[in-house]
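Written below as structure tokens is the structure these notes are about.
The values are calculated or read from the model by the stated rules, or taken from the named source; none is laboratory data. Quick caveat, the model's predicted, so the values are computed rather than measured. Cβ placement follows ideal geometry from the backbone for every residue including glycine, while neighbour counts extend to all protein chains displayed. Accessible surface areas use protein heavy atoms only, side chains included; no ligands, DNA or RNA. Shrake-Rupley method; radii C 1.70, N 1.55, O 1.52, S 1.80 Å.
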Amino acid sequence: MTDTTRQGARGGRHHGDESCSRPSGQRWRIVSPRGPETGRSTFHRLRTGLALFAGRLATNTSKRLGLGSGGIIGGRVALALQPDLLGELVSDKRVVVITGTNGKTTTTHMVAETLRAAGEAVSNATGANMPDGHVAALMTRPRADFAALEVDELHLARLTERFQPAVLLLLNLSRDQLDRVGEIRSVEASIRQALTKSPGTRVIANADDPNIVSAAFDHPDVVWVSGGCRWKHDALNCPRCGAFLEEVDGEWKCVCGLRRPRPDWTVDETGLIAPDGTHEELSLPLPGQINRVNATFALAASTALDVAPRAALERVRSVQEANGRYEHTVLAGHTVRLLLAKNPASWLEMLDLVADNTRPLVLVVNSREADGHDVSWLWDIDFERLAGRTVLVTGERALDLAVRLRYAEVPCEITPDVQQALHSAPITGSDQPAEVIANYTAFRDLFVKRQRR
């Protein structure tokens, strides 16, 4: 898989001409890249050292007291003592940033693994995707060659104000936590603004998602990935002018000129087609088309950083779970597979994985701050595909979910918790694990219980 010269969405070159003309008499001044200045004062160095010590102490204390992984508190303490710490920690690293509504954590795991084929890599593997989480992760391996950082969509602009990543992955955009994040258009505008601050970053973007294309359309260096876009309800109209998007044979376009760009990487039912036209099979431990797409983004990122393609491919094939996602584990004495679904687009993908089997199915929905308090999105999910199958529902919004399933003509039983649901389910044996689909905080609680087993 070779990295060839890309063509932009509108046919322009992506790897701009390095040469430039200089007007007669013009004097050029070399400006160092953004990052920590050389020759820091003794006070500054002492302050940075103190921040790192205090941050690591907070992380270790949190772990020892069983209060959490320390993936946030350590970074929060360190940043309070040294606000510029993030820029200092990434100054000597080649950084890949991953953002989007769904798939960030899994793709970050994959990116980190591919980078380890070429050197030491650090990542915020727990999914703590704001600046305090980034600092907490980077403190663990300050001498790493690479960093793979998942970032919340609304915090991307804050990150690009501090440094320019080497590579930025834009996965997808769909509705999620509307009471916190807001509408898709505001998120797309925020990402577009963030990209203007990183003209030297290689952007790897989803060619099938109009919201992502709009955000990246004007950037000078974009590599496009196509893997299909099944959830289209948030991209029926042009993000820029509002006109209805015409789609013919998978190619969409708008009267204003925004259109689906020609992809450099294409994902099919068995693998991927690389920019040089070669086809690679992607037989992955992680299930579904969505994870072939995630893996392709990771391989495109490693290619941009000159990681040997064959070594990167072997690494991405070794990823079996991502912070509990898709993991087979034991809960309440029963073997289960844990699946995370937090919005209509991700529920669509997870229902794909379970719809064709008859294993016991448990659905869990909460509505805490991290989930979004509004669960009206339940009515946008195609639960009708579970018709005729009995499912068990639990969580803080179990009644809301049960009402939605009743209208979908899906029989369900409400239980107090997942443990009771599993005891009530007809378990057929360890070779047929129950399926548990949970939204964010419900999934997190189950993952913590699994860790404490």
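Quick notes on this structure:
- Eligible lysines near LYS232 by straight Cα distance, threshold 17 Å, same-chain separation 8 or greater: LYS253, LYS342
- Where SER318, SER283 fall by accessible area, highest first, once all protein chains stay in place (1.4 Å): SER283, SER318
- Accessible carbon and sulfur surface of the chain relative to its total accessible area, %, 1.4 Å: 50
- Prolate/oblate/rounded call for the chain, Cα gyration tensor, a/c under 1.5 rounded: oblate
- For the chain, the share of DSSP beta bridges that are antiparallel, to the nearest 5, is 30%.
- Computed over protein heavy atoms with a 1.4 Å probe, the accessible surface of the chain works out to 46 Å² per residue.
- DSSP-defined beta bridges in segment 183-286 - what % are antiparallel, rounded to 5: 60
- Sorting 112-120, 289-297, 221-229 by average packing, meaning the other beta carbons within 10 Å per residue, from highest down gives 289-297, 221-229, 112-120.
- Calculated FRET value between ASN60 and GLU314, using beta carbons and R₀ = 35 Å, to 0.05: 0.55
- Estimated [θ] at 222 nm from DSSP helical runs (n ≥ 4, -39500 (n - 2.57)) normalised by residues in the chain, nearest 500: -10000 deg cm²/dmol
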